[in-house]
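The values are calculated or read from the model by the stated rules, or taken from the named source; none is laboratory data. All of these numbers come straight from a predicted model, not from anything done at the bench. Heads up, the Cβs are rebuilt from the backbone with ideal geometry, glycines too, and the neighbour counts pull from every protein chain shown. Areas reflect the complete protein model, heavy atoms only, side chains present, ligands, DNA and RNA absent. Shrake-Rupley method; radii C 1.70, N 1.55, O 1.52, S 1.80 Å.
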Amino acid sequence: MTADPLVALHGVDKWFANGVQALGGLDLAIGEREFVSLLGPSGCGKSTVLRLIAGLARVSRGRIDWPGGETPGEIGFVFQEPTLMPWATVFDNVWLPLRLLGQRRQAVAEQVGAVLDMVGLSGFAAAYPRELSGGMKMRVSIARAMVTRPRLLLMDEPFAALDEITRIKLNNDLLRLWEAQRWTVVFVTHSVYESVYLSTRVAVMAARPGRVIADLPIAAPYPRDEAFRTSPAYNAFCREVSAELRRAMGEAA
């Protein structure tokens, strides 16, 4: 990691109330403006890492440091499911985090409109979730996470349920937004190919208990496009990450 640190997890253990140990001695540092993917077998604690960073759960042992300081308003979270309010319009779904902060609808209309424009939904502010495709619903979810102008964006397998064509399109759109906004992103995925395409680094996790066993830089320039997806460099990165994932799965056996 060459970027300035934003958040670092040191020797983090996480035990659940039922006695299951989700994480054991996990060390991970996330640099400012990095795009870091967490990759590993099911049950290795990837989502737990996001929840700990977001403050939605507490570490059992170890610590999480924020060298530059941290406030809840600086973190956006995109879940695997869009989790939209079905009775509310796209505008009102995106407005929700600002509404919870006490900001009136009219006062933030320009701000909400701007993020809808960023995700390509400027013409759908008055639509309801039932009128949207799966990809459009996920765009609303991303817009809702963006509207508070977060410093850190946490994304928990946001594209896993989408078809391949939509997934590739949203990968490209996400990179475009990341390059423009320069947040820090921590992205959970099960896909080697997605992790390599998106990331500056891929942290491979092994289970029982979850910990990082490989931290691999993806030293390819941005912007990335279809030419990168078909390049020898991309294939080489995918082979390297796949080898570490196989090792992780072997350790989880």
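Here are the numbers for this structure:
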read-out	value
Fraction of accessible area attributable to carbon and sulfur, the chain (%, probe 1.4 Å)	53
Cα convex hull volume per residue for region 116-241 (Å³)	128
Percent of alpha-carbon pairs separated by more than 18 Å within region 49-124	55
Residues Tyr128 and Gln21, FRET efficiency given R0 of 45 Å [Cβ-Cβ distance, rounded to 0.05]	0.60
Cβ-derived FRET efficiency at R0 30 Å, Met249 paired with Arg99, nearest 0.05	0.10
Gap separating the Cα centres of region 19-36 and region 129-203, nearest whole Å	19
Cα gyration tensor shape for region 16-160, rounded if a/c is under 1.5, else prolate or oblate	prolate
Helix-derived mean residue ellipticity, 222 nm - over the chain, DSSP H n ≥ 4, -39500 (n - 2.57), to 500	-11500 deg cm²/dmol
At R0 = 51 Å, FRET efficiency that the Cβ-Cβ distance of Ala57 and Asn235 yields, to 0.05	0.85
Top positive-direction residue, dipole computed over the chain with Cβ charges, set Leu9, Phe35, Phe228	Leu9
Separation of alpha-carbon centers, region 57-124 and region 222-253, rounded to whole Å	31
Positive-end residue, region 68-151 charge dipole about Cα centroid, Cβ charges, pick of Ser141, Leu101, Val119	Leu101
